[in-house]
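Only the coordinates and a few stated rules stand behind these numbers; no lab work does. All values reported here derive from a predicted model rather than from experimental measurement. Here the Cβ positions follow ideal geometry from the backbone for every residue, glycine too, while neighbour counts run over all protein chains shown.
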Amino acid sequence: MNLNLAGKVAWVTGASRGIGRSAAETLLKAGARVVITSRNQENVDAAQRELAVLGGSVGGFACDVSDSASVQRVMKYVLDKYGPVDILVNNAGVTKDNLLALMGEEDWDEVIRTNLKGAFNCTKAVIRGMIKKRWGRILNVSSVIGLKGNAGQANYAASKAGLIGFTKSLALELAPRNITANAIAPGFIETAMTAKIPEAERAKALERIPLGRFGSPQEVASLIAFLVSDEAGYITGQVISIDGGLLTA
Ligand code: NAP
């Protein structure tokens, strides 16, 4: 298999840590010029410094995906410095869990604005360039929760299910331009997001995972790298689960 991404510009959102950070590293190693963003400048700078040690070209910018002005500002720099984006990984995401009866409107809005509208903002910012080039890859990081729901995560589940509808619609719109759009649905992955899960819940989760462990960000990054490569050129509009068998259990 040839995952050679030389000559491609890849933008990974929410890449200061976790799945996004691993995806950026894997795409960089595959030869892409990589742009990483997240809200916090210091976090982005630290990740950029670590990635730069690997060689290749990596740029970092602070960008809040939920804020279309921030996205447009960053896209201007990226266009000037790197040229049009070929590969977009809409990875930035947050949780604000609560039972619906107790959930504040702000927690609903923040999760939808980041996880769903963020993908809209970033995709809008890159799509014309991809259409012009007649090549592009949009990869949306959804979740098993978007496929099956979860008590206490109505906002997160709605945002991740929304991403799936967004992905399938984009795939249909953009296939004639040789642009693919796919989503991945990770289960439990070892990151800061799942580090918040209390020990008792974690033990229960492990019992439900046929492979008996949480996944690693690197395992998710490998799937992302495949889906954005030429090797996956005939895959579009799909949702690929990466969950240790959780959804089949
Ligand atoms: P994480 O470790 O918490 O990392 C989230 C990243 O998103 C950070 O870089 C964070 O950086 C950035 N971010 C948050 N809000 C942002 C915003 N408004 N604009 C730009 N960047 C923002 O989470 P993760 O586990 O790697 O999750 C990555 C993605 O995978 C998320 O979409 C998540 O929903 C999804 N996912 C994770 C799991 C899992 O088990 N971990 C399972 C299924 C799906 P700043 O704080 O600096 O902004």
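Of all residues in the stretch 185-233, count the ones that are near the ligand (Cβ under 8 Å from one of its atoms), surrounded by 14 or more Cβ atoms within 10 Å (Cβ to Cβ) and either closer than 30 Å to Arg134 by Cβ or not aromatic (Phe, Trp, Tyr) (or both).
Looking only at that region, the number is 11.
With the requirement that a residue be assigned to a loop (DSSP other than H, G, I, E, B) and in contact with a Cys (Cβ under 9 Å, 6 or more places away or on another chain), what does the stretch 43-84 give you?
Filtering the stretch 43-84 down to residues assigned to a loop (DSSP other than H, G, I, E, B) leaves 53-57, 63-67, 83-84.
Across the stretch 43-84, the qualifying residues are Cys63, Val65.
Looking at Asp97, is it within 9 Å of the ligand (Cβ to nearest atom), free of Cβ contacts under 8 Å to residues at least 60 places away in the same chain and not β-branched (Val, Ile, Thr)?
On the way: within 9 Å of the ligand (Cβ to nearest atom): no; free of Cβ contacts under 8 Å to residues at least 60 places away in the same chain: yes; not β-branched (Val, Ile, Thr): yes.
No: the conditions fail for Asp97.
Considering only residues that are aliphatic (A, V, I, L, M) and loosely packed, with under 13 Cβ neighbours inside 10 Å, look in the stretch 69-101 and name the one that is nearest to Ile138 (Cα to Cα). Give the derivation first.
Within the stretch 69-101, the subset aliphatic (A, V, I, L, M) is 69, 71, 74-75, 78-79, 85, 87-89, 92, 94, 99-101.
Filter once more, keeping what is loosely packed, with under 13 Cβ neighbours inside 10 Å: 69, 99-101.
On the way: Ala69: 21, Leu99: 32, Leu100: 31, Ala101: 35 Å.
Across the stretch 69-101, the extreme among qualifying residues is Ala69.
Kindly indicate which of Asp45, Asp64 is of a type in the set (Asp, Glu) and out of contact with any helix residue (DSSP H, G or I) (no Cβ under 6 Å at 6 or more places or on another chain). Step through it out loud before you land on a result.
Details: Asp64 fails: out of contact with any helix residue (DSSP H, G or I) (no Cβ under 6 Å at 6 or more places or on another chain).
So the residue among Asp45, Asp64 that is of a type in the set (Asp, Glu) and out of contact with any helix residue (DSSP H, G or I) (no Cβ under 6 Å at 6 or more places or on another chain) is Asp45.
Could you list, in sequence order, all residues of the stretch 127-145 that are buried (at least 23 other Cβ atoms within 10 Å of the Cβ) and touching a residue at least 60 places away in the same chain (Cβ under 8 Å)?
Passing the criteria: Arg137, Leu139, Val141, Ser142.
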